[in-house]
Amino acid sequence: MTELVRLTPLQRRVVGALLTRGPLARAELTELLDVSRSRLSPEVGTLIGKRVVREVDSMVSTGGRRATRLVLADAAFGLVAGVDIDAGGVSLVLMQLDGTVVARSVVECGAPADPGPALRAIDVALKSAVAEAGSELRLIGVSIAADIDNLGQVSEPPPTMPRWAGVSIGEHFAKRFGVPAFVENDVNVLAVAERARGGPASGLRNYAVVKISSGVGSGLVVNSGLARGSDGYAGDLGHVCIDPASDVVCACGNTGCLEALVSAPALVREAEALAASGASPALAELAAAGPLSLAALGQAAQMEDPAATALLRAAGRHVGYAIAGLVTIFNPAAVFLSTGIRGAEDVVLSAVRQRVYEHARPAATRGLVIGTCQLGRDDGAVGAAEFACHAMVG
């Protein structure tokens, strides 16, 4: 088995800074990490020797000696794989440590809800992709729409993929490929990836990511660390009851849950009803061309269809109501949304912001930023690879 790169505490801090902030000059690192140049230099030299870090000429000229910047490794280090497993499909990427994506594919596995065939298909696709890239696999990160316990197993049966309960995904990939494998809930993966490569959260210590897909969840970063809770269930926003009077049954068995109203399946069902009734001409037109989706709902809103726009605004208000509670309890600096509603994110965001500012305390929203994730819904595999990179340095 390929061992995880052994790094000293300071070397992990250097790599972590480059993962979060992007390329940095040595002087910037000494200031950021509050260490002397004499202490930093040998550690950087070791990292360069291990091919984890490389030094490149800076694009900025000061007129004197050519400046250099430290960047993370290219293909000389090897590759990081990212796998995203969702009820809607499985995707795969291969990425260099510096963030360059060298391969991207959709894994044909029939029914992702069945773990046996899905894992076998991923094994074949990953082996083929690594061979085609002509490099060495060093790390694997896996994002899955399921709760992961503190042992790295799928814990409670995921409502959308119940057969994955108890599956040790990380152990499977570690044994199959002989490299360290890191597995996490999909929205927690997005939360970590949001601060990667100088992203919107790179300078924040407290923030949340909310994802709307087959379910609804939130990833919480508290004091720069991922908050998982005592059993790994922290941030399960989708199962917060936002309407006690609702008789809509959630996949968890309760009624009134946020997920029952605004998950992708719930919104698509509402869109299909609007199309069938003739209340939304745009959705009816799109439905005639094929099955509706969140992307189609966003397209209808872009076409200024009143019914589609109203549906998205209602969804944004529901999400905003739940986020208002999150903001009141957690007091994050920012909340980032991942919706998959291409082209109409602003409709949802506007409704979310309005409801949050109406229901959360002004003191908690004074400096609050509410925006979209830097990685789109289709970039879950990239997020998984970023998660693996961060897991390497703890």
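It is to be established whether one or more residues within region 359-376 are assigned to a strand (DSSP E or B) and open to solvent by 70 Å² or more (accessible area, probe 1.4 Å).
Within region 359-376, the first condition is being assigned to a strand (DSSP E or B), and the residues that meet it are 369-372.
Still in the running and open to solvent by 70 Å² or more (accessible area, probe 1.4 Å): 369.
There is at least one residue in region 359-376 that is assigned to a strand (DSSP E or B) and open to solvent by 70 Å² or more (accessible area, probe 1.4 Å).
Examine region 332-344 for a residue that is part of a helix (DSSP H, G or I) and under 23 Å from Leu226 (Cβ atoms), and state whether such a residue exists.
Pass one, region 332-344, residues part of a helix (DSSP H, G or I): none.
No: zero hits.
Taking region 27-48, which residues are closer than 19 Å to Asp74 by Cβ and either of a type outside the set (A, V, I, L, M) or in the same structural domain as Val179 (by the TED database) (or both)? Steps first, please.
Going through region 27-48, the residues closer than 19 Å to Asp74 by Cβ turn out to be 44-48.
Residues satisfying the conditions are Gly45, Thr46.
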Would you confirm whether any residue within region 347-356 is at pLDDT 90 or above and part of a strand (DSSP E or B)? no
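So that you can scan it fast, the table gives a plain yes or no per residue for (1) part of a loop (DSSP other than H, G, I, E, B); (2) outside the structural domain of Gly219 (by the TED database); (3) open to solvent by less than 50 Å² (accessible area, probe 1.4 Å); (4) of a type in the set (Phe, Trp, Tyr):
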{"residue": "Ala81", "(1), (2), (3), (4)": "no, yes, yes, no"}
{"residue": "Ser91", "(1), (2), (3), (4)": "no, yes, yes, no"}
{"residue": "Gly99", "(1), (2), (3), (4)": "yes, yes, yes, no"}
{"residue": "Cys109", "(1), (2), (3), (4)": "yes, yes, yes, no"}
{"residue": "Asp123", "(1), (2), (3), (4)": "no, yes, yes, no"}
{"residue": "Leu126", "(1), (2), (3), (4)": "no, yes, yes, no"}
{"residue": "Glu132", "(1), (2), (3), (4)": "no, yes, no, no"}
{"residue": "Ser135", "(1), (2), (3), (4)": "yes, yes, yes, no"}
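For every residue, the table says whether it meets (1) more than 27 Å from the chain's Cα centre (by Cα); (2) of a type in the set (Gly, Ala, Ser); (3) not in a loop (DSSP other than H, G, I, E, B).
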position: Gly232; (1), (2), (3): no, yes, no
position: Ser246; (1), (2), (3): yes, yes, no
position: Ala251; (1), (2), (3): no, yes, no
position: Leu261; (1), (2), (3): no, no, yes
position: Glu270; (1), (2), (3): no, no, yes
When you scan region 323-369, how many residues do you find that are touching a residue at least 40 places away in the same chain (Cβ under 8 Å), in contact with a Lys or Arg (Cβ under 9 Å, 6 or more places away or on another chain) and under 26 Å from Ser246 (Cβ atoms)? 8
All but one of (1) closer than 28 Å to Pro159 by Cα; (2) open to solvent by less than 60 Å² (accessible area, probe 1.4 Å) hold for Arg342; state the number of the condition that does not hold. (2)
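In region 28-58, which residues are assigned to a helix (DSSP H, G or I) and either touching a Lys or Arg at 6+ places or on another chain (Cβ under 6 Å) or of a type in the set (A, V, I, L, M) (or both)? So that I can check it myself, show each step before the final result.
Pass one, region 28-58, residues assigned to a helix (DSSP H, G or I): 28-33, 37-49.
Leu29, Thr30, Leu32, Leu33, Leu40, Val44, Leu47, Ile48 - these are the residues of region 28-58 that are assigned to a helix (DSSP H, G or I) and either touching a Lys or Arg at 6+ places or on another chain (Cβ under 6 Å) or of a type in the set (A, V, I, L, M) (or both).
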Where residues in region 1-47 are polar (S, T, N, Q) and either more than 27 Å from the chain's Cα centre (by Cα) or farther than 20 Å from Ser58 by Cα (or both), which of them is surrounded by the most Cβ atoms within 10 Å (Cβ to Cβ)? Gln11
If only one of Gly203, Gly198, Gly278, Gly229 is farther than 23 Å from Phe330 by Cβ, modelled with pLDDT under 90 and either open to solvent by 20 Å² or more (accessible area, probe 1.4 Å) or touching a Leu at 6+ places or on another chain (Cβ under 6 Å) (or both), which one is it? Gly198
Scan of region 186-212 for residues that are in a strand (DSSP E or B) and on the phi > 0 side of the Ramachandran plot, ordered by number: none
Yes/no for Ala264 being open to solvent by 30 Å² or more (accessible area, probe 1.4 Å), closer than 19 Å to Asn185 by Cβ, of a type in the set (Gly, Ala, Ser) and in contact with a strand residue (DSSP E or B) (Cβ under 9 Å, 6 or more places away or on another chain): no
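The values are calculated or read from the model by the stated rules, or taken from the named source; none is laboratory data. Quick caveat: nothing in here was measured; it's all calculated off a predicted structure. Because the Cβ atoms are built from the backbone with ideal geometry, glycine has one as well, and the counts that use them run over all protein chains shown. The area values use the complete protein model at the heavy-atom level, side chains included, leaving out ligands, DNA and RNA. Shrake-Rupley method; radii C 1.70, N 1.55, O 1.52, S 1.80 Å.
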